[in-house]
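Data first, discussion second: the structure below is written as structure tokens.
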Amino acid sequence: MDVQHASNSKVKVAIIGSGNIGSDLMYKLLKQPGHMELVLLTGIDPASEGLARARSLGIRTSYEGIQAVLEDPTIQIVFDATSARAHVRHAKALREAGRIAIDLTPAARGPYIVPPVNAGAYLDRPNVNMVTCGGQATTPLVYAVSRVTPVLYAEMVSTVASLSAGPGTRQNIDEFTETTARALEVVGGAQHGKAIIILNPADPPIMMRNTVYAIPAGEFDEEAVIDSVMQMVKEVQVYVPGYHLKNPPVFDKLNTPWGRRPVVTMLLEVEGAGDYLPRHAGNLDIMTASARRVGELFARRLLEVQQEVAA
Amino acid sequence: MKAPRITDTSLRDGSHPMRHQFTAEQVRAVAQALDEAGVPVIEVTHGDGLAGSSIQYGFSRVSEMDLIAEARSVCRQARIAVLLIPGIGTVHELQEAKQRGAEVVRIATQCTEADISEEHFEIAKKLGMEAVGFLMMAHMRPPEVLVQQARLMESYGADCVYIVDSAGAMLPHDAAARVAALKDALSIQVGFHAHNNLGVAIGNSLAALEAGADQLDGCLRGLGAGAGNAPTELLAAVLAKLGLNTGLDLYKLMDAAEYVIAPIMPYQPIPSRDAITIGYAGVYSTFLLHAQRAGEHYGLDPRVILTELGRRQAVAGQEDWILDVALELARSKQADSSAHYETVSAGGKEVAGEANTPRP
């Protein structure tokens, strides 16, 4: 690894993809750089508004996509906000070039990462995946229940404003439900996961809403579940300030395939920070905020490693 | 006028009032009776489509894949249809449904969101299935918007696009205007799916037919969400009286309604006060039982919950908003009654207990 960075310097990062997600992430990295320095934003369309916007903010841009990233050996962390298909190619090229890839597409070449649950576990990996916006919103709540009592089944229903569901989500809506359901199991700790997404065209646009249901496997302490969930909400608020429950968890008995059982229901609302995208686009906001958070953890880790090498 | 093709959806829309508890035996009996009465297409799926079995909508008693196979096994001429709502079900369930005997798929989206269905139409056509587009909650948008959305579905390979009055909120002229606009703009067939919340399911179906609809939906005894759908046996009678040859056996359908469906129905869907409210407020018909349950639990009039959902422009499938709204209404009701208590006690009168008196 390049040792020319002094221990007090920042880690250079780049964004591939100049669409909504890439642009919002750019604003977040400029507003709150932490241990990162955004040095490049690349796209594939020379006429892209996103690239023009980045240039006006003094960020170097390129319309040669990943090539521009590969040509700059000082870039250590790369956020990929393109598409699943493009990321499959990018993942290979970035790995071979020794760069860390934080994948915001549904390609999932690396492990799913949800900051307050498992971010620390994968900081030695060359590629991590940010699941889906709904996965970033709801997996922490399922985990908050499963760390207190085993969860037999978890279900999430994500309702997002039509205006904030981009072409990527629309063309691959099955990928959203399948990936999110898997993340509820793999990261959230549920034995069975299920995900539903609904697009709502109401005007004015609605805030991103998620309902999370969890069926505990056995007897459990309601107070302990409430405490764990409220604690988790605070942990997510550290990097997504607009993340809040509309109500404390509700407990109810329902008929399920496993007999009549208590069900925990959590009503979550995510208001975007309004960095670039409108406030109702909490789904995109939580994605970019989580990615920034993961980038920061990788950057700190790289700086520690470099310090050790220097010493 | 050409006779419309009838799809019976007792075993799909009827899954809502049945609380998704259909048994294999019931499904066989209904499918067989419909098949013998000459119904050409029978829809069998969880009420909310493939993979609808969930906490959000209610769990199925018997796997819908098994029910599809059971229905298929007793049909001699009828083809089995399934409902697929992208965002709930995926192409994987569609592939399985095809293997279990489904030949028609109805792909449903909120009437403004047709572009999430492209992949599903593509796979359906690859599987060799007939693919029908369903524009749900179509009362919420004017004909010109529906035309744009229907054109998308046509471009994805749809064989037909339905105007779906999921809220039972349309009057006959609304149904006619929407169907006519699609007929004008599309080169494929157009269908209409009615709900009876305002008591005009048959009237709307007839208006749609006069406007050129090629396909209509019904349920035996109207067994469907909200106040139910256009009763299939009633459609058959009305169409016969219009002199149209639908190929349906009216007496056999009336018998199927009387002897097969009626004995297993948990209740007869009618435009009850809550169902009328659904039609009037323009909310999803399947909210009926969920809103009644929340109303009972939180001591609220279901009509107040349903009206508020309409004001918030809730769309198809948003059953979780019912709890959300009920909790908010219950909170503001509590705040109201304690405010009332304070005001009255500030006047120095002894009115203890008044705070708990239900307000009108």
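Readers should treat all values here as calculations from the given coordinates under stated rules, not as data from a laboratory. This is a predicted model, so every value here is computed, not measured. Note that we place each Cβ from the backbone using ideal geometry, even for glycine, and neighbour counts take in every protein chain shown.
Need one number: nm distance between label points at A:V238 and A:V39, each 7 Å from Cα along Cα→Cβ, rounded to one decimal.
2.8 nm
Go through A:K194/B:K125; B:K125/B:K252; A:K194/A:K246; A:K12/A:K194; B:K98/B:K183 and tell me which ones have a Cα-Cα distance over 32 Å in this structure.
B:K125/B:K252; A:K12/A:K194
Can you sort B:C75, B:C219 from fewest to most other Cβ atoms within 10 Å of each residue's own Cβ?
So the residues, fewest neighbours to most, are B:C75, B:C219.
Peptide B:54-61: average number of partner chain Cβ atoms within 10 Å per residue?
Mean partner shielding for this stretch: 6.
For chain B, what is the percent of antiparallel DSSP beta bridges, rounded to the nearest 5?
5 percent
Short version: ³J(HN,Hα) in whole Hz for each residue of the range A:263-275, in order, from phi by Karplus 6.51 cos²θ - 1.76 cosθ + 1.60 (θ = phi - 60°), x for Gly and Pro, what are they?
10, 9, 10, 10, 9, 10, 10, 10, 9, x, 7, x, 5
With angles folded into 0 to 90 degrees, how steeply does helix A:133-146 sit against the dominant principal axis of chain A? Use alpha carbons for both and round to 10.
Taking the Cα atoms of chain A, the angle to A:133-146 is about 50 degrees.
So what does the Cα-only Debye profile of the range B:2-135 read at q = 0.13, 0.14, 0.17 Å⁻¹, as log10 I(q)/I(0), no solvent term?
Relative scattering, expressed as log10 I(q)/I(0), comes to -0.48, -0.56, -0.83.
Please list 3J(HN,Hα) in residue order for the range A:86-99, calculated via the Karplus relation 6.51 cos²θ - 1.76 cosθ + 1.60 where θ = phi - 60°; whole Hz, with x for glycine and proline.
These are the phi-based 3J(HN,Hα) values: 5, 5, 4, 5, 4, 4, 5, 4, 5, 5, 5, 8, x, 9 Hz.
With r as the distance between the Cβ atoms of A:R300 and B:Q292 and R0 = 45 Å, compute the FRET efficiency 1/(1 + (r/R0)^6) and round to 0.05. If you can, show how the numbers build up before the last one.
Details: r = 53 Å, r/R0 = 1.19.
Calculated transfer efficiency: 0.25.
Could you grab the relative contact order for chain A? Cα pairs under 8 Å, six or more apart, rounded to a whole percent.
Details: 665 pairs, mean separation 58.0, N = 311.
It comes to 19 percent, rounded to a whole number.
Length gain on complete extension for the stretch A:A52 to A:A121, per 0.36 nm per residue less the alpha carbon to alpha carbon distance?
Between A:A52 and A:A121, full extension yields 21.1 nm more.
State the extension gain, in nm to one decimal, for the chain segment bounded by B:D301 and B:N245, taking 0.36 nm per residue of separation less the distance between their alpha-carbons.
Full extension of this stretch gives 15.6 nm more.
Per residue, how much space in cubic angstrom lies within the convex hull of the C-alpha atoms of the protein assembly as shown?
177 Å³
Which far-off residues, 5 or more places away or on another chain, put their amide H under 5 Å from the one on B:Y162, with H placed in the peptide plane?
HN-HN under 5 Å from B:Y162: B:G133, B:F134, B:L135, B:G191.
Among A:H90, B:H20, rank each residue by its count of other Cβ atoms within 10 Å, from fewest to most, as a rough exposure measure.
With the fewest neighbours first, A:H90, B:H20 line up as B:H20, A:H90.
Using the alpha-carbon atoms, what tilt in degrees (0 to 90, nearest 10) does helix A:282-310 show relative to the longest principal axis of chain A?
60 degrees
Compute the long axis of helix B:320-346 from its Cα atoms, compare it with the longest principal axis of the Cα atoms of chain B, and write down the angle in degrees, 0 to 90, nearest 10.
The angle comes out near 20 degrees.
If I take R0 = 35 Å and measure r between the Cβ atoms of B:A237 and B:K125 in this structure, what FRET efficiency does the formula 1/(1 + (r/R0)^6) give, to the nearest 0.05?
Numbers: r = 36 Å, r/R0 = 1.02.
The formula returns an efficiency of 0.50 here.
Using a Förster radius of 35 Å, what is the FRET efficiency between A:E71 and A:V186 based on their Cβ-Cβ separation? Nearest 0.05, please.
With a Förster radius of 35 Å, E is 0.50.
Order the peptides B:31-39, B:268-276 from the highest to the lowest mean number of other Cβ atoms within 10 Å of their residues.
B:31-39, B:268-276
Arranged by the count of other C-beta atoms within 10 angstrom, fewest first, what order do A:T138, B:T307 take?
B:T307, A:T138
Lys and Arg at +1, Asp and Glu at -1: add these up for the other residues within a Cβ distance under 10 Å of A:L277 and post the number.
Every neighbour counted, the sum reads -2.
What is the sum of charges, Lys and Arg at +1 and Asp and Glu at -1, for the other residues whose Cβ falls under 14 Å from the Cβ of A:V160?
Neighbourhood net charge equals -2.
Say each of A:V309 and A:M230 gets a label point 7 Å from the Cα, pointing the same way as Cα to Cβ; how far apart are those two points in nm?
Modelled inter-label distance: 4.6 nm.
What's the magnitude of the charge dipole for the protein assembly as shown around its Cα centre, counting Lys and Arg as +1 and Asp and Glu as -1 at the beta-carbon? Answer in Debye, nearest 20.
Its charge dipole is roughly 580 debye.
In the neighborhood of A:I66, defined by Cβ-to-Cβ distances under 9 Å, what is the net charge if each Lys or Arg adds +1 and each Asp or Glu adds -1?
Once positives and negatives cancel, what remains is -1.
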